[in-house]
Amino acid sequence: DAVVTASIVDANVTTAKIADDAVTAAKIANIDGNINVNDNAKIRVGTHADLDIYHDGSHSYIDEAGTGNLHVRSEGLVQIGTITGTEACLKAYANGAVELYHDNSKKLETTSSGVTVTGTLEATTYVAVPDQIYHVGDADTTIRFPAADTIALETAGSERFRVDSSGN
């Protein structure tokens, strides 16, 4: 019952000539080569074509069109990068950090205590700070917001300057 590629003449086998249940996963033992799909043709998975993988001639797509979500899972690292594998764009470690890269240079990383940003952080509107801003190399030097409408500067752990809503 096996069909070898040497027996198939180009264009002689079409989907119109294959019964709906003729090719199933149970009937395919191994695929030792490539599955080639032309531009705009889709690999469809799911009873209602829930997942499509395709190339439109310019761009490649993975579309989740079902009622669920698209999950990319790994026990170690999920990485999105360049086709050559030489540059990372995003790395997500199981039970660990998520890292974002720009031109293969890590710019943002989640940590167990928060987020680390490498380089300049630019906010387009405002940055909300609950109590204080401090220098990483000197935690005793801070800009504090000890009360409503009040700002204070501290060095060596002591307040040196304060301005409140009255201007004092």
Requested in this report: Add +1 for every Lys or Arg and -1 for every Asp or Glu among the other residues with Cβ under 13 Å from the Cβ of Gly96, and state the total.
Outcome: -2
Query - Ser166 - accessible surface, heavy atoms, 1.4 Å probe, Å² rounded to 10 - result: 80 Å²
Query raised in the report: Assuming R0 = 41 Å, what is the FRET efficiency of Thr118 and Val23, from their Cβ-Cβ distance, to the nearest 0.05?
Result: 0.20
Report summary line: Once all protein chains are kept in place, Tyr101 shows an accessible area at probe 1.4 Å, nearest 10 Å², of 50 Å²
Query raised in the report: Which distance in nm do the two modelled labels at Asp131 and Ser105 give, with both placed 7 Å along the Cα-to-Cβ direction?
Result: 3.5 nm
Report summary line: Given a 1.4 Å probe, the accessible area of the chain per residue, as a whole number of Å², is 83 Å²
Query raised in the report: For Ala147 and Ala97 in the same chain, what is the full-extension length gain: residue separation times 0.36 nm, less their Cα-Cα distance, in nm?
Result: 14.6 nm
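The values are calculated or read from the model by the stated rules, or taken from the named source; none is laboratory data. It should be emphasised that the depicted structure is a prediction, and the values quoted were computed from it without experimental measurement. Note that each Cβ is placed from the backbone with ideal geometry, even for glycine, and that neighbours are counted across all protein chains shown. With ligands, DNA and RNA removed, areas are computed over all heavy atoms of the protein, side chains included. Shrake-Rupley method; radii C 1.70, N 1.55, O 1.52, S 1.80 Å.
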